[in-house]
Amino acid sequence: MNLDYDYIVIGSGFGGSVMTCRLVEKGYKVCLMERGRQWKIGQFPRRPHDVQQRMFWDPEDQKYGLMELRDTPESDVLSLTASGLGGGSLIYANVLYRMPERFFQGWPQIYNRKSLDPFYDRVLHMMEAKPYPYETQNYYKATPKTALLKRLAEEMPPPPDSVGKPSFNLPPLAVRFEGSFPGHQTHNMHGALQSKCNKCGDCDIGCNINAKNSLDLNYIFRARHLKTAEHPADIRTHADVVRIEHCGDYYKVTYVIPEFPQQETTFTAKNVVLSAGSIGSTSLLLKMKKQGHLPNLNIWLGKKWSGNGDLLGLIFGSRENIDATNGPVITGAIEYNFKDYEDGYHHGMYLQEAGFPVGFAWYLSGKIPQLPGIRGLGTLFAHSIKKYIFKILNIESRDQINVGDEFAQAIDRADFTKRCFVLLGMGRDKPDGEIRLRSDNQAIIKWKMDGSKLHFDRLRTQMKKIAERIGGVFVDNPLTHLNKVVAVHPLGGCPMGETPDTGFVNPLGEVYGYKGLYVVDGSILPTSTGPNPSLTIAAVAEYIAEQIPAKITHKSKETQEA
Ligand SMILES: Cc1cc2nc3c(=O)[nH]c(=O)nc-3n(C[C@H](O)[C@H](O)[C@H](O)COP(=O)(O)OP(=O)(O)OC[C@H]3O[C@@H](n4cnc5c(N)ncnc54)[C@H](O)[C@@H]3O)c2cc1C
């Protein structure tokens, strides 16, 4: 039978992009199906009406934007994930962090720091990631939040149960810092046009100047434009996969265009790589099992879910000038090593300073006006009335003509955002959550704080101490006290295991019981990573792709013969 493709890859995040690129290089005919759209330079929504219409992904309400915020009463997790060509790389904070050796506890034997290091290097090279040039370029030196985090790491005493002194570091960021002035455009090593980062803080809402080295500008760009490839990747955006059917020795994959969910398109392939992210891949497979298309998926499906210990902490009213809108969203990290959980599960945690877009600061200033701003507006208004009265009474006034200062007074001084320190905490929580399907096929996540309480207590304690140190008020996410976490790093659901008794996919991502069906994304990670997970997801994908033999194509045969 003539099949349409050798491989169909579903989803274009860290797993899917790497797999697409490497499979194309190996000579395979690959189709990448991504439910979201491609976002080109300048297309990310910024104006209020545009944000309302195009920022969020919620097809039931005719929204096809780049951020999917999922929450249901039954779920213990509110998740934020991406939609669009490049997946999470479109809205993530660019931090590419290696997993420390000891956190590979519970992983299949082939994975450890030594075996993954060459693949970490490969991803960092492809994504041209470099530490924030805070120490080397004057333009970036002026980033108060980075300076503050560094100072805190140096000055604060270590927590009582920490092992060694916490260390500050500048992790590799997938951001373009090359060029001679902010916004300077140059081509990256793959040929895509990018700009030098201008510190606007918009990383998490899509970078409108292509300063983020998102996957569409490296791995996907290469898969599309590789001149030596027999088949460049066939990239289909607006392709929301709704069905995967097993037909003996091949698979049928069906997608719909989200705007027209009744119109289905089906393609066939020998192999399928599911890379729709922890929640996306797991929920699609749960549906396929329920609908009988893939009936033999094993009992590990949905299991070992973790949110990578995410905790967002806010510190208001600090005496420091933090200026969180200045710089890429994250630039630095404090790494803490702690005594392990009582059962021997390794613990470690990370605190990173976070920024937010300038537009959001204006929004917050307007929503939470402060006294000086209100007074300034009142003065401006009173002056205008006075001038109008003088005018109609024809009285000569001695008021000044230049009202720039009065106007500036009317702008809220916005200490609220200038002195607000956003801390992102993460680390080793326990992978004891589970993704399930509600009766209407919506994914929900069941998760309990109990097992990971030690981690969250340590994070919260450290955030409070930082708040005290900088004279601010710490505001916790109140939902965590109701056993609800906000996860931007969902992991697990299709965990790797050495055998079908211990995992859902084998160590190379192949689903137990279904030859040729792979899952390669954050869902196969069997534990939390500790630091930000994207680099590990991509490195595991590189490792898996490396084990797939190259296809003997006409071109490669000719080359061999020649
Ligand atoms: C605000 C924010 C900041 C973050 N910052 C960092 C950071 O600094 N460093 C870090 O390491 N991680 C960060 N993350 C997490 C990171 O984005 C994820 O861990 C990573 O993207 C997961 O990769 P993945 O390949 O598993 O899936 P994803 O990147 O989520 O990709 C899945 C893709 O599949 C598509 N898809 C889903 N369902 C279907 C379907 N049915 N059909 C077709 N396509 C489908 C989605 O649209 C998406 O494009 C951040 C996340 C957020 C939200």
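The portion of the accessible surface of the chain made up by carbon and sulfur, rounded to a whole percent, is 55 (1.4 Å probe; DNA, RNA and ligands excluded).
The mean sequence distance of close C-alpha pairs (under 8 Å, at least 6 residues apart), as a share of the length of segment 507-550, puts its relative contact order at 31 percent. Under the classification rounded if a/c is under 1.5, otherwise prolate if a/b is larger than b/c and oblate if not, where does segment 85-124 fall, given a ≥ b ≥ c as square roots of the Cα gyration tensor eigenvalues? Judged from the Cα gyration tensor, segment 85-124 comes out prolate (a/c at least 1.5, a/b above b/c).
If I fit a long axis through the Cα atoms of helix 453-469 and take the longest principal axis of the Cα atoms of the chain, what angle between them do I get, 0 to 90°, rounded to 10? On a 0 to 90 degree scale, this one is about 30. Could you give the dipole magnitude of segment 179-273 about its Cα centre, charging the beta-carbon of Lys and Arg +1 and that of Asp and Glu -1, in debye to the nearest 20? Roughly 420 debye, rounded to the nearest 20.
Specify whether the C-alpha gyration tensor of segment 132-253 places it in the rounded, prolate or oblate class, a ≥ b ≥ c being the square roots of the eigenvalues: rounded for a/c under 1.5, otherwise prolate if a/b is larger than b/c and oblate if not. Please list the in-between numbers first.
Details: a/c = 3.01, a/b = 1.61, b/c = 1.87.
In terms of gyration-tensor shape, oblate.
Are any of the pairs Lys227/Lys551; Lys29/Lys303; Lys199/Lys484; Lys303/Lys430; Lys339/Lys453 more than 21 Å apart by Cα-Cα distance, and if so, which?
On the way: Lys227/Lys551 17 Å; Lys29/Lys303 32 Å; Lys199/Lys484 33 Å; Lys303/Lys430 12 Å; Lys339/Lys453 14 Å.
As for pairs spanning more than 21 Å Cα to Cα, those are Lys29/Lys303; Lys199/Lys484.
Taking a ≥ b ≥ c as the square roots of the eigenvalues of the alpha-carbon gyration tensor, segment 309-382 is classed prolate because a/c is 1.5 or more and a/b outweighs b/c. Between Ile205, Ala239, His293, the Cα set farthest toward the positive side of the dipole of segment 205-363 (charges on each charged residue's Cβ, about the Cα centre) is that of His293.
For segment 379-386, backbone phi angles converted through the Karplus equation (6.51, -1.76, 1.60; θ = phi - 60°) give residue-by-residue couplings of 4, 4, 5, 4, 4, 5, 4, 4 Hz, Gly and Pro being listed as x. Using only alpha-carbon positions in the chain, the gyration tensor eigenvalues give semi-axes of 44, 28, 24 Å once each is multiplied by 5 and square-rooted (largest first). Placing a label point 7 Å from the Cα of Glu155 along the Cα-to-Cβ direction, the residues of segment 467-489 whose backbone N falls under 18 Å from that point are 467-474. The protection proxy used here, the mean number of other Cβ atoms lying within 10 Å of each residue, ranks peptides 479-485, 524-530 as follows, highest first: 524-530, 479-485.
The calculated Kirkwood hydrodynamic radius for segment 359-408 is 12.7 Å, given to one decimal from all distinct C-alpha pairs. When segment 371-410 is described by a simple charge dipole with +1 on each Lys and Arg Cβ and -1 on each Asp and Glu Cβ, the residue from Asn402, Leu371, Ile385 located farthest towards its positive end is Ile385. Placing unit charges on each Cβ (+1 for Lys and Arg, -1 for Asp and Glu) gives the chain a dipole about its Cα centre, and among Tyr92, Val123, Ile537 the Cα reaching farthest toward its positive end belongs to Tyr92.
Give the aspartates and glutamates whose C-alpha is closer than 17 Å to that of Lys114, dropping any in the same chain fewer than 8 places away, or say none. Once the sequence-local aspartates and glutamates are set aside, what remains near Lys114 is Glu101, Glu542, Glu546. Looking at segment 371-410, the accessible area is 87 square angstrom per residue; that uses a 1.4 Å probe and ignores ligands, DNA and RNA.
In order along segment 217-228, the phi-based Karplus estimate (6.51 cos²θ - 1.76 cosθ + 1.60, θ = phi - 60°) of 3J(HN,Hα) comes to 9, 10, 4, 6, 4, 5, 4, 7, 10, 4, 5, 7 Hz; Gly and Pro are listed as x. Peptides 367-380, 316-329, ordered by how many other C-beta atoms sit within 10 Å of their residues on average, highest first, read 316-329, 367-380. Counting only Cβ charges, +1 for Lys and Arg and -1 for Asp and Glu, the dipole size of the chain around its Cα centre is about 820 debye. Pairs spanning more than 25 Å between alpha-carbon atoms, out of Lys165/Lys212; Lys130/Lys465; Lys63/Lys289; Lys290/Lys515; Lys63/Lys515: Lys165/Lys212; Lys130/Lys465; Lys63/Lys289; Lys63/Lys515. What angle, in degrees between 0 and 90 and rounded to the nearest 10, separates the Cα long axis of helix 358-367 from the longest principal axis of the Cα atoms of the chain? With rounding to tens, the tilt is 60 degrees.
Could you give the dipole magnitude of segment 327-389 about its Cα centre, charging the beta-carbon of Lys and Arg +1 and that of Asp and Glu -1, in debye to the nearest 20?
On the way: 5 positive and 5 negative charges, 206 e Å.
Dipole of segment 327-389, to the nearest 20 debye: 1000 debye.
With a simple spin-label model that places each label point 7 Å from the Cα along the Cα-to-Cβ direction, the separation between Gln291 and Leu193 comes to 4.1 nm.
Compared with the dominant principal axis of the Cα atoms in the chain, helix 113-126 is inclined by about 60°.
With the other protein chains left in place, how much accessible area per residue, in square angstrom, belongs to segment 207-312 at a 1.4 angstrom probe?
Working: 4150 Å² over 106 residues.
Result: 39 Å² of accessible area for each residue.
All other residues whose Cβ lies under 12 angstrom from that of Val473 are scored, Lys and Arg at +1 and Asp and Glu at -1, for a net of +1. Tally Lys/Arg at +1 and Asp/Glu at -1 over every other residue whose Cβ is under 14 Å from the Cβ of Gly344; what's the total? Taking every other residue near Gly344 into account, the sum is +1.
The values are calculated or read from the model by the stated rules, or taken from the named source; none is laboratory data. For clarity, every value in this text was computed on a predicted model and none was experimentally measured. Neighbour counts run over all protein chains shown; Cβ positions are idealised from the backbone, glycine included. Side chains are part of the model used for accessible areas, which takes the heavy atoms of the whole protein and leaves out ligands, DNA and RNA. Shrake-Rupley method; radii C 1.70, N 1.55, O 1.52, S 1.80 Å.
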